[in-house]
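Chemist: Dumping the structure here so I can ask a few things about it.
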Amino acid sequence: MAHDQSTSLPKGPVLCETCKQAGQQVEMERYDPQAPANREHKHATHDTQLQTYRCPVCEETSLFKID
Ligand SMILES: [Zn+2]
């Protein structure tokens, strides 16, 4: 799976692609790598143009470009 590709942030709710393929519509939550509880995930991007979203069901994360 390629991690160097990012898609533009959708205008509506961010739906999890993995869950969508499983027939579920799960809205992903904004994931902040700077939050104290997430300090161990520091390898996440520091680029402010990118935003990570995380699925609360399957824990998949996706990176989106902020236009
Ligand atoms: Zn999911």
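Just so you know, all these numbers are worked out from the coordinates, no wet-lab data involved. On a predicted model such as this, the values are computed, not experimentally measured, just so you know. So basically every Cβ, Gly included, is an ideal-geometry build from the backbone, and we count neighbours across all protein chains shown.
Chemist: What is the sum of charges, Lys and Arg at +1 and Asp and Glu at -1, for the other residues whose Cβ falls under 13 Å from the Cβ of C58?
Modeler: -3
Chemist: So if each residue of separation counts as 0.36 nm, and I subtract the Cα-Cα distance between Q24 and L50, what length gain in nm does that give?
Modeler: 6.8 nm
Chemist: Can you put D32, D67 in order of Cβ neighbours within 10 angstrom, beginning with the fewest?
Modeler: D67, D32
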